[in-house]
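Peer 1: The structure follows.
The values are calculated or read from the model by the stated rules, or taken from the named source; none is laboratory data. Nothing here was measured: the structure is a model prediction, and the numbers come from that model. Heads up, the Cβs are rebuilt from the backbone with ideal geometry, glycines too, and the neighbour counts pull from every protein chain shown.
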Amino acid sequence: MPMNKSANRKGVGAADEAMLIKLYEQFRRPIHSYTYRLLGSQEDADDVTQEVFVRACTSWNGLYERDHLSAWLYRIATNLCVDMLRHRKRISWWTLSSRYNSDDPQSDEGNTYDLSYFLADSGGIPEIAERELIRMTLANMSEEYAVVLVLSAAQGVPYQEIASIVGISPNAAATRISRAKKMFAEHYQRLSKEGVGKREQRP
């Protein structure tokens, strides 16, 4: 549904309608990228992205704090994605490349956990075995860790804003991000080694 039609149906004034259209043009791609990384489905990402902006129109007149619209939109998207993931009981994404520092959760300098085994959006689709390994790795992580990991490492959202999106303190967000990075890397490496061992044992 075009943004202007959705805004009109929600009784939004002309000035607010212009703001919502601008918001849609600015954040449609980032929100779609975020939902796609979490859901792993183009169709689901399309549906959720549309629903994000429909809900934005619905809630606009009652939104008094408009200084952090990015966090507001990501919060809507996060809630929708988590609901869908809990319904599906699975999660997958393609691209992630970041670093983890166990000494300072607010910094990515120091110890490096190589998460470069994800392909970039423009780089194609991983092999079936690799995709399955990623799926198995993510199955060991709860939604709360998967969400902050995608927001931080894949979307580049600052941990202060992530805190606002998921409803925790900045320090708690930084700690959760660090744990999520380490958790993913460790699970991936363990499952990868187990897979190699099984392949080597085959006659």
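Peer 1: Please find, among GLY124, GLY167, the residue that is on the phi > 0 side of the Ramachandran plot, exposed (fewer than 14 other Cβ atoms within 10 Å of the Cβ) and at pLDDT below 85.
Peer 2: After ruling out the rest, the residue left standing is GLY124.
Peer 1: May I pose another question? For the range 131-181, what are the residues that are farther than 19 Å from HIS32 by Cβ, among the β-branched types (Val, Ile, Thr) and not in a helix (DSSP H, G or I)?
Peer 2: ILE168
Peer 1: Determine which single condition GLY40 fails, assuming it passes every other condition in (1) at positive phi; (2) out of contact with any Ser or Thr (no Cβ under 7 Å at 6 or more places or on another chain).
Peer 2: (2)
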